[in-house]
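Comments concern the structure below.
The values are calculated or read from the model by the stated rules, or taken from the named source; none is laboratory data. Note that the coordinates shown come from a computational prediction; the quantities given were computed from them, not determined experimentally. When we count neighbours, we look across all protein chains shown, and the Cβ atoms used for this are built from the backbone with ideal geometry, even at glycine.
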Amino acid sequence: MSDKIKRVTFGSLQPNIENLLELTPEDFAPASNEQKEGFIADRKSSSYWKDTWRRLRKNKVSMVALGIICLYLVFAFIGPMLMPYGYDEFIAGSENLYPWHYSLEDQKLLDSVSGNEGDGLKAALESAKKENGIHLKAFGYSNAELTRIENGEKVFPHVFGTDKFGRDIMVRIMSVDAYRHLCRIAGFANRRDLRLDFGFYWRQG
């Protein structure tokens, strides 16, 4: 059929559209075995899921998103099993801890600083920190927990600190917030339950 297509002008690649629809019975003849073999790709057949995974791996953004979702699943469901603190566990002496701390030695140095209340005391504290090389250390610990660490005992840190009742914030986020966010992604959460206040409590709207 291609031999019968007339070109508009000599050397032009644009075909004559009027002749494209002039088909003959030869154009509908069954393909020969040699022609059929030419159409068969020389590669292994793949299932639907294999082809989907192959296409997904080529998309870098999708792979990054998949990795984040996997980390979120581990954080929400496996994390609470590894934490030594419970969701409703009250840890006496560990109330209102920040996610950082000063060592016991640094606290003694800071407590010995004297000065006027307000800017004078603040300036004296900053000066003492620079002179003695005092820096905040990661994760929250109470003084009792720091004492236990000095005595050789292992104490799991409060990575996100604690609330006013001494409950570990990280385990509460794992148990409630991450799980609820996954429900939101899946579309099963009630929209009235999606408001989260600073105390990490879910409430009805």
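Annotations
- Sole residue being at pLDDT 85 or above and more than 23 Å from SER175 (Cβ to Cβ), chosen from VAL8, VAL61: VAL61
- Residue in region 67-89 that is modelled with the lowest pLDDT, counting only those that are assigned to a loop (DSSP other than H, G, I, E, B) and surrounded by 12 or more Cβ atoms within 10 Å (Cβ to Cβ): TYR87
- Region 150-168: number of residues that are touching a residue at least 40 places away in the same chain (Cβ under 8 Å) and touching a Phe, Trp or Tyr at 6+ places or on another chain (Cβ under 8 Å): 9
- Subset of region 145-173 (residues that are surrounded by 13 or more Cβ atoms within 10 Å (Cβ to Cβ) and within 18 Å of GLN107 (Cβ to Cβ)): GLU145, LEU146, THR147, ARG148, ILE149, VAL155, PRO157, HIS158, GLY161, THR162
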